[in-house]
1. Given the conditions (1) surrounded by 15 or more Cβ atoms within 10 Å (Cβ to Cβ); (2) at pLDDT below 90, which single one is not true for Q9?
2. Hey, does segment 55-71 have a residue that's surrounded by 19 or more Cβ atoms within 10 Å (Cβ to Cβ), on the phi < 0 side of the Ramachandran plot and at pLDDT 95 or above?
3. Counting only residues that are free of Cβ contacts under 8 Å to residues at least 24 places away in the same chain and over 16 Å from I160 (Cα atoms), which one in segment 83-113 is surrounded by the fewest Cβ atoms within 10 Å (Cβ to Cβ)?
4. Restricting to segment 154-176, what's the tally of residues that are at pLDDT below 90 and either of a type in the set (A, V, I, L, M, F, W, C) or exposed (fewer than 12 other Cβ atoms within 10 Å of the Cβ) (or both)?
5. Search segment 121-149 for residues that are farther than 19 Å from E53 by Cβ and touching a residue at least 12 places away in the same chain (Cβ under 8 Å) and pair each with any residue that is outside any strand (DSSP E or B) and of a type in the set (F, W, Y) when their beta-carbon atoms are under 6 Å apart and the residues are at least 6 apart or on different chains.
Amino acid sequence: MSRDRSKPQPGYTQLLQGGRLAVARAVNRDIHHKHCYQIARAVKGMYAGDAVEYLEKVIKQEVAIPYTRRSRAGKGGNTMAGHRKGKMGPGRYPRNASIAFIKLIESAMDNARQHHEDIDAEDMVITHLAAHRGQVKKGMRPRARGRATPNNHYQVNLEIFIEDLSAEDEEEEDDY
């Protein structure tokens, strides 16, 4: 990449450090931010190809995303999700958010192929994946007697860093 990686880059929450790194962003997506947080938590640390396969299974409702944050009523919200098959506990199948994450991961893999010719993009590890609140679409809902209440729509910004860690493993083996 042609960026100066010693300085923070506009729009990213992390420094772009690492020689074999590829990044991608999706800005102002109309997805529920709670679903995005849970998906980001479940997918971080996976290989990029495995993460795409996992999310495709979520879309087909074969595998659920574990909902770990705010999973009990009375502890920070009533987002109680039912338990799913297996030993995972509460979970759901967020379809729209999974589709957006698949596009984001594939975009990062395409960026990796473009910048590094010798990298197999499916074998890159997702080292950073974040979902932050984007812009707020302000709206008003008309009510009785000439009043109105706010009807705001919150959007989400997604960012992903995928890194090729196989080169570091080869260097460590050469040192011994």
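The values are calculated or read from the model by the stated rules, or taken from the named source; none is laboratory data. Worth saying up front: this structure is predicted, and the values here are computed from it rather than measured. Neighbour counts run over all protein chains shown; Cβ positions are idealised from the backbone, glycine included.
1. Condition (1) is where Q9 drops out.
2. Taking every residue of segment 55-71 in turn, at least one turns out to be surrounded by 19 or more Cβ atoms within 10 Å (Cβ to Cβ), on the phi < 0 side of the Ramachandran plot and at pLDDT 95 or above.
3. Among those that are free of Cβ contacts under 8 Å to residues at least 24 places away in the same chain and over 16 Å from I160 (Cα atoms), it is K87.
4. Here the count works out to 10.
5. From residues that are farther than 19 Å from E53 by Cβ and touching a residue at least 12 places away in the same chain (Cβ under 8 Å), the pairs are A131/Y37.
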